[in-house]
Amino acid sequence: MANIVKIAIAQINCVVGDLAGNAAKILRQCEDARAAGADLVLTPELALCGYPPEDLLLRDGFYRECAIALERLARQVSGIALVVGHPHQDDGKRYNAASVIRDGRIVGTYHKHTLPNYTVFDEERYFEPGGQACVFQVGETRFGLNICEDTWGALGPLTARPEKDNVQVGINICADAWEATAPRAAREAGAQVLLVLNASPYHMGKQASRDDVMRERVTETGMALVYANLVGGQDELVFDGASFALDRRGEKVCQLPGFEEALGLVTFADGEPQRGAIAQAEPLEAEVYEALCLGVRDYVGKNRFPGAIVGLSGGVDSALTLCIACDALGAERVRAVMMPSQYTAQMSLEDSRELARNLGVRYDEIPIGPAFDALLGLLAKVFSGRPVDAAEENLQARIRGTLLMALSNKFGAIVLTTGNKSEMAVGYATLYGDMAGGFAVIKDILKTLVYRLCKYRNGIARVIPERILTRAPSAELRPDQTDQDSLPPYDVLDAIIAAYMENDLSPAEMVAQGLGAEEVRRVVEMIHRSEYKRRQAPIGIRITHRGFGKDWRYPITSRYREPYQ
């Protein structure tokens, strides 16, 4: 008769610092998993405190409160085993940890060995690396623990050799000096199955990378693998869930859906996972759109804003932002505001009204002409003798920013800014104007992808007027203005931004690949010249492997420029 063990993957959405709320959610997952016949529940990385806690991890009081919450949770868990991620402080050292709980107590704790310190990760700032493997037994199956980068990196050696004698007791901790990667150490300690707790943030193409890397770990160790990933928005990061399990051949036997909480059940027979439910992959545009909606929903909800305000222009960026806001929050919690000037085209007004009607959102028009004229009058003497230029153009944007923030102050809703990554890269935006707000929804979306997402949303239901998608983009701050008066064509601009900013190609390498030398020089210079603006911009959702946020840290004051030859 086969030895059957059932593992429940608790793909949950945690709130950083909400120890009681997160513990209650984990406990509910345990109860639901037990009712479904599971023997063990696996949670994501640092599920108890949420991820990433950032500099909360520098406070001793935070560790004390986490330890109290963990002990309280352990006493409430019965009839099922639980692996829960949490920060752990021991003898003055701090660890990214996972504890095994059963029969109302903590029976073993694993410390993450490989600490990521790249892109959005700063774990070397907070934690010490662990040096021990941890293997425990459920039924006749032995499970080893790893945490995220332990399997992603699998590079650094552990400093302790596993003792095989203790495996049957339930918890096996390494003892003697030796060298092995964390996955191999778990195998050497007697594990048959590797359980991996993850807080792996989303970016385009991430799931394919996960699949490839985890299959490599399975090939290296010969162990089946269960990958539990966090889901939810945390400031600029979005965690997509999409947890899964691989058998010893590297075949996927379970795949949870992305961008939503889920409890998945993986049945092991004699240590081998059996095929279960596999959620289907979605097209890229659908994936990105869901990530943006989740990021908005959680930022607004977790920070307790009653709703959101979006300033409309009649263009694609504000149209996409409004669609995302309505789909994330519900139209009843979103307010659209159109603020026309004498340069606003009639079609912009008509299209904005139609978009608001299609989405069923509250819509207001507040003409800025009187305020613009009044401010020009105030400035007439000091501006005397100088030609009209960007000062007058930006004044209009700043009036709009002031009005949006006034509405935010009065009604409590957060202003969602509408600038895209192409604009943020080259500074085609106005400080304290269209950059004024609390959350930048499409800050990491290049303009060419904006159009693709608009078409995707219209494929669900045609809410964005076609004219918005076909007219030439314009800031409408002077007569007959278009974006291409100031910028290269967006397909060229986006190719340069992606090559230089996302993929770290040098200007010389970009030119060698066929991009125009003058356009490369111009765009790269604009990127660096605009750094001071981006430092003052609101945070926004990261959907590429490199956004203008945690993983872009260039000095504002710098004279270094790379050679073009």
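The values are calculated or read from the model by the stated rules, or taken from the named source; none is laboratory data. Just so we're clear, the structure is a prediction, and the values are computed from it rather than from any experiment. Neighbour counts are summed over all protein chains in view; Cβ atoms, including those assigned to glycine, are modelled from backbone coordinates with ideal geometry. Side chains included, ligands, DNA and RNA excluded: accessible areas come from the protein's heavy atoms. Shrake-Rupley method; radii C 1.70, N 1.55, O 1.52, S 1.80 Å.
Structure data summary
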read-out: Calculated diffusion of region 241-292, Stokes-Einstein form, Kirkwood radius summed over Cα pairs, 37 °C and 0.692 mPa s, µm²/s; value: 272 µm²/s
read-out: Cα-based shape type of region 1-65, given that a ≥ b ≥ c are square roots of the gyration tensor eigenvalues and the cut on a/c is 1.5; value: prolate
read-out: Calculated Rg and Dmax of region 356-511 using C-alpha coordinates, Å; value: 18.1, 53
read-out: Alpha-carbon Debye profile of region 490-535, log10 I(q)/I(0) at 0.17 Å⁻¹; value: -0.42
read-out: Where only C-alpha atoms are counted, convex hull volume of region 94-143 per residue in Å³; value: 98 Å³
read-out: Debye log10 I(q)/I(0) for region 262-369, one point scatterer per Cα, at q = 0.17 Å⁻¹; value: -0.85
read-out: Efficiency of FRET between R362 and E124 - r from beta-carbon atoms, R0 51 angstrom, step 0.05; value: 0.60
read-out: Theoretical gain in end-to-end length, A20 to K93 [0.36 nm per residue, Cα-Cα removed]; value: 23.9 nm
read-out: Estimated 222 nm signal from helices in the chain, with DSSP H stretches of n ≥ 4 weighted -39500 (n - 2.57), rounded to 500; value: -11000 deg cm²/dmol
read-out: Alpha carbon convex hull of the chain, volume per residue in cubic angstrom; value: 176 Å³
read-out: Burial order of peptide ranges 382-389, 194-201, 496-503 (average beta-carbon count within 10 Å, highest first); value: 194-201, 496-503, 382-389
read-out: Options N303, P479, W552, ranked by Cα towards positive dipole end of the chain, top entry (Cβ charges); value: N303
read-out: Considering only the chain, percent of DSSP beta bridges that pair antiparallel, nearest 5; value: 55 percent
read-out: Region 458-565: projected area of the alpha-carbon convex hull, averaged over directions, in nm²; value: 9.4 nm²
read-out: Where trypsin sites (Lys or Arg not before Pro) fall in DSSP loop in region 252-301, at most 14 other Cβ within 10 Å; value: R275
read-out: Centre separation in Å (Cα based) which lies between region 392-406 and region 128-148; value: 56 Å
read-out: Residue-normalised accessible area of the chain, given per residue in Å² at a 1.4 Å probe; value: 41 Å²
read-out: Estimated distance in nm for a label pair at A208 and A374, the labels positioned 7 Å out from Cα along Cα-to-Cβ; value: 5.5 nm
read-out: Dipole in debye (nearest 20) - the chain, about Cα centre, beta carbon charges: Lys, Arg +1; Asp, Glu -1; value: 900 debye
read-out: Alpha carbon centroid spacing (whole Å) that separates region 327-342 from region 267-284; value: 41 Å
read-out: Per residue Cα convex hull volume in Å³ - calculated over region 1-142; value: 116 Å³
read-out: Spatially proximal lysines relative to K533 (Cα-Cα < 23 Å; intrachain offsets below 8 disregarded); value: K421, K443, K447, K550
read-out: Angle between the chain longest axis and helix 390-411 axis [Cα atoms, degrees, rounded to 10]; value: 50 degrees
read-out: Mean separation of Cα contacts under 8 Å (6+ apart) over length of the chain, as relative contact order %; value: 11 percent
read-out: Debye intensity ratio I(q)/I(0), log10, region 216-312, q values 0.16, 0.23 Å⁻¹ (C-alpha model); value: -0.76, -1.13
read-out: Region 521-550 versus region 10-54: alpha-carbon centroid distance in Å; value: 35 Å
read-out: Difference of contour (0.36 nm per residue) and Cα-Cα distance, F383 to A281; value: 30.9 nm
read-out: Long-range amide H partners of T544 with built H, under 5 Å; value: M204
read-out: Shape box of region 420-475 [Cα atoms, principal axes, largest first, Å]; value: 34, 23, 17
